[in-house]
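The values are calculated or read from the model by the stated rules, or taken from the named source; none is laboratory data. None of these values were measured; they are calculated from a predicted model. Neighbour counts are summed over all protein chains in view; Cβ atoms, including those assigned to glycine, are modelled from backbone coordinates with ideal geometry.
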Amino acid sequence: MRRPFVVIGLGRFGGSVTQELIRQGAEVLAIDRDDAKIEAFREHVTSSVVADATDEKVLKELGVHEYTHVIVAIGNDIEASILTTLLLSELGVPDISVKAQNDYHARVLTKIGADRVLHPERDMGTRLAHNLMSKNIIDYAELSGQLSVMEMTVDEHKCGGTIGALELRRKYHCAVVAVCRNGTFFSSPPMTEVIKKGDILVVLGLTKDVYQLEQAMA
Ligand code: ADP
């Protein structure tokens with residue numbers, strides 16, 4: 001059986017991913033070439049190693065190919081990030097996620113076998129911009145280029161009406177896939193569900209349609 005997670009690079013991004021995985025009870029092997037970083041995480045992770053991830057021999061010795069998910073969170077050193085991703089791909093790691101610095105880096109990563117290319121700064125910028133568009137937009141994420149999900153509240157005068165009455169499906173081809181009420185989510189709400197004050201609706205749709213809905217809310 002494969003072990004779950006390896007995080008390579010414990011900078012701000014890799015460090016946060018590692019902390020969250022641990023918080024959720026996952027086993028994590030952490031690798032960083034900087035021993036101060038490893039020291040800071042040593043007590044929290046399942047195992048940690050000071051190593052250079054661009055060294056194929058080291059990756060093999062650590063048995064990185066026996067893990068299911070490897071997250072490459074090497075920051076500014078693009079060459080190291082690319083070489084590490086290539087080695088992981090050649091070693092047959094099934095799921096490789098890599099933080100990209102820019103679009104060119106992202107294109108190379110996709111070509112050499114990254115399953116998921118992450119742009120944390122860009123994505124945060126996008127989320128903030130959507131959040132600022134309207135006080136009703138709580139959160140926004142593009143699931144793929146074509147599909148987006150948005151968390152929104154409704155104006156107070158629409159509370160007491162039903163989800164169906166918002167006509168999101170007819171007007172914007174968007175579906176309310178879940179509702180968060182008093183901190184608890186329930187999925188697939190019926191159209192007859194009455195919206196209460198403070199409800200957060202989770203809306204799914206094509207990115208262009210979610211954009212139209214956003215424009216209408218701005
Ligand atoms: P962030 O912007 O996420 O903070 P950083 O560039 O500050 O990114 O951190 C990246 C981390 O990756 C650093 O802790 C660095 O020591 C580590 N790192 C960089 N290159 C390698 C490598 N070849 N092998 C292992 N760790 C590396």
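Within the range 42-50, is even one residue in contact (Cβ under 8 Å) with a residue 24 or more places away in the chain and more than 9 Å from the ligand (Cβ to nearest atom)? Outline the logic, then answer.
So the first thing to find is which residues in the range 42-50 are in contact (Cβ under 8 Å) with a residue 24 or more places away in the chain, and the list is 44-45.
This time we only want the ones that are more than 9 Å from the ligand (Cβ to nearest atom), so: 44-45.
Checking the range 42-50: at least one residue is in contact (Cβ under 8 Å) with a residue 24 or more places away in the chain and more than 9 Å from the ligand (Cβ to nearest atom).
Can you report the number of residues in the range 29-39 which are within 24 Å of the chain's Cα centre (by Cα) and within 12 Å of the ligand (Cβ to nearest atom)?
Adding up the residues that qualify gives 5.
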Checklist entry - Would a scan of the range 118-136 turn up a residue that is of a type outside the set (Asp, Glu), within 16 Å of the ligand (Cβ to nearest atom) and closer than 30 Å to Met1 by Cβ? => result yes
Checklist entry - Is there a residue in the range 136-149 that is part of a loop (DSSP other than H, G, I, E, B), without any contact (Cβ under 8 Å) to a residue 60 or more places away in the chain and surrounded by 17 or more Cβ atoms within 10 Å (Cβ to Cβ)? => result no
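Matching residues to (1) at pLDDT 95 or above; (2) assigned by TED's automatic domain parsing to the domain that holds Cys180:
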site: Ile82; (1), (2): yes, no
site: Ser89; (1), (2): yes, no
site: Val93; (1), (2): yes, no
site: Lys99; (1), (2): yes, no
site: Asp103; (1), (2): no, no
site: Asn131; (1), (2): no, yes
site: Asn136; (1), (2): no, yes
site: Glu142; (1), (2): no, yes
Checklist entry - Within the range 55-82, how many residues are outside any loop (DSSP other than H, G, I, E, B), within 21 Å of Val17 (Cα to Cα) and not polar (S, T, N, Q)? => result 12
Checklist outcome for this item: Note on the range 59-78: residues in contact with a helix residue (DSSP H, G or I) (Cβ under 9 Å, 6 or more places away or on another chain), within 11 Å of the ligand (Cβ to nearest atom) and without any contact (Cβ under 8 Å) to a residue 60 or more places away in the chain are Leu59, Ile78
Item to check | Selection count where residues are in a strand (DSSP E or B) and either not assigned by TED's automatic domain parsing to the domain that holds Leu204 or not small (Gly, Ala, Ser) (or both), scope the range 157-193 | outcome: 10
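Out of Ala36, Ala40, which single residue is more than 21 Å from Gly92 (Cβ to Cβ), at pLDDT below 95 and assigned to a helix (DSSP H, G or I)?
Details: Ala36 fails: at pLDDT below 95.
Only one candidate passes the filter, namely Ala40.
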Item to check | Residues (under 11 Å from Glu214 (Cα atoms) and touching a Phe, Trp or Tyr at 6+ places or on another chain (Cβ under 6 Å)) located in the range 126-174 | outcome: His130, Met150
Checklist entry - Mind checking whether some residue in the range 83-103 is in contact (Cβ under 8 Å) with a residue 60 or more places away in the chain, outside any loop (DSSP other than H, G, I, E, B) and out of contact with any Pro (no Cβ under 8 Å at 6 or more places or on another chain)? => result yes
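Got at least one residue in the range 5-28 being charged (D, E, K, R), within 10 Å of the ligand (Cβ to nearest atom) and outside any helix (DSSP H, G or I)?
Kept after step one, since they are charged (D, E, K, R), are these residues of the range 5-28: 12, 20, 23, 27.
Of the ones still in play, those that are also within 10 Å of the ligand (Cβ to nearest atom) are 12.
Imposing the further condition that a residue be outside any helix (DSSP H, G or I) reduces the set to none.
Taking every residue of the range 5-28 in turn, none turns out to be charged (D, E, K, R), within 10 Å of the ligand (Cβ to nearest atom) and outside any helix (DSSP H, G or I).
Somewhere in the range 104-113, is a residue within 11 Å of the ligand (Cβ to nearest atom) and either under 28 Å from Tyr140 (Cβ atoms) or within 19 Å of the chain's Cα centre (by Cα) (or both)? Steps first, please.
Pass one, the range 104-113, residues within 11 Å of the ligand (Cβ to nearest atom): none.
Within the range 104-113, none of the residues are within 11 Å of the ligand (Cβ to nearest atom) and either under 28 Å from Tyr140 (Cβ atoms) or within 19 Å of the chain's Cα centre (by Cα) (or both).
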